[in-house]
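Participant: If you scroll down you'll find the structure; I have some questions about it.
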Amino acid sequence: MKKLILIGFVILCFSCKSDTGIPVDYSTLPKNENNQVLLDLSHIFYDAQIDSLSAKIIAYENQSTNEIVILTVDSIAPFEDLHIYSSAIGNYWGVGKKDKNNGLVIVFLKTQRRIWLSTGDGATKVLTDSICQKIIDQRMIPYFKEGNYYLGLDKGLDAIINAWH
């Protein structure tokens, strides 16, 4: 009987984990009910900028089947780690094709001036951690430092698409 209880507990624990191996309470995450490719909860962008970035992402997905979403937030509470938060968003929103696991989630935490690129396993084959960090450092951060978040994400998307084709 103890073995059955232990097995049940282990199964329960694994069924509640994200890709990071840490339990996630998905009810604390923002919903993306309209399956938007850019959800600007920080209200950083003008409508025309949202339309421009969204059009670029959708055109790329139609060409490649790779899926990209951008989320801007002011807080990731109750999460403490942006990596875990980004991975949880990808899992919760179902970013990437199930059979290819080819999703990329870009989370920009404006209040802390932090950004994270979270890749699905299929995307990681091309978009390695070092490539993602290079894109952030060289294509996004210079514009972010000037307060131009739109141009930073636009140039970052260009670099991601070029690397991931």
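Participant: Could you go through the range 137-159 and let me know if any residue there is assigned to a loop (DSSP other than H, G, I, E, B), over 22 Å from residue 35 (Cβ atoms) and within 16 Å of the chain's Cα centre (by Cα).
Facilitator: The answer is no, given that none of the residues of the range 137-159 is assigned to a loop (DSSP other than H, G, I, E, B), over 22 Å from residue 35 (Cβ atoms) and within 16 Å of the chain's Cα centre (by Cα).
Participant: Still on this structure, I have one more. Which residues, taken from the range 82-102, are more than 21 Å from residue 33 (Cβ to Cβ) and either modelled with pLDDT of 90 or more or part of a helix (DSSP H, G or I) (or both)?
Facilitator: Passing the criteria: 82, 83, 84.
Participant: Here are 144, 108: which of them is surrounded by 22 or more Cβ atoms within 10 Å (Cβ to Cβ), within 23 Å of residue 51 (Cβ to Cβ) and in contact with a strand residue (DSSP E or B) (Cβ under 8 Å, 6 or more places away or on another chain)?
Facilitator: The unique qualifying residue is 108.
Participant: So, of the residues in the range 123-136 that are out of contact with any Phe, Trp or Tyr (no Cβ under 9 Å at 6 or more places or on another chain) and either outside any helix (DSSP H, G or I) or charged (D, E, K, R) (or both), which turns out to be nearest to residue 62 (Cα to Cα)?
Facilitator: 125
Participant: Of all the residues that make up the range 126-154, how many are closer than 16 Å to residue 107 by Cβ and aliphatic (A, V, I, L, M)?
Facilitator: Result for the range 126-154: 6.
Participant: Next question, about the same structure. Scan 126, 107 and give me the residue that is under 26 Å from residue 75 (Cβ atoms), free of Cβ contacts under 8 Å to residues at least 60 places away in the same chain and of a type outside the set (D, E, K, R).
Facilitator: 107
Participant: Turning to a different aspect of this structure: Taking residue 123, is it at pLDDT below 90 and of a type in the set (A, V, I, L, M)?
Facilitator: Criteria met by residue 123.
Participant: Right, something else. For the range 38-53, which residues satisfy the criterion of being buried (at least 16 other Cβ atoms within 10 Å of the Cβ) and either in a strand (DSSP E or B) or free of Cβ contacts under 8 Å to residues at least 60 places away in the same chain (or both)?
Facilitator: 38, 39, 40, 50
Participant: A further question on this structure: Which members of the range 142-154 meet the condition of being more than 18 Å from residue 95 (Cβ to Cβ) and in contact (Cβ under 8 Å) with a residue 12 or more places away in the chain?
Facilitator: Result: 143, 144, 149, 150, 152, 154.
Participant: A follow-up question, please. Can you pull out the residues in the range 59-81 that are surrounded by 14 or more Cβ atoms within 10 Å (Cβ to Cβ) and part of a helix (DSSP H, G or I)?
Facilitator: 60, 61
The values are calculated or read from the model by the stated rules, or taken from the named source; none is laboratory data. What you see is a predicted model; the values in this text were computed from it and never measured. We place every Cβ from the backbone using ideal geometry, glycine too, and count neighbours over all the protein chains shown.
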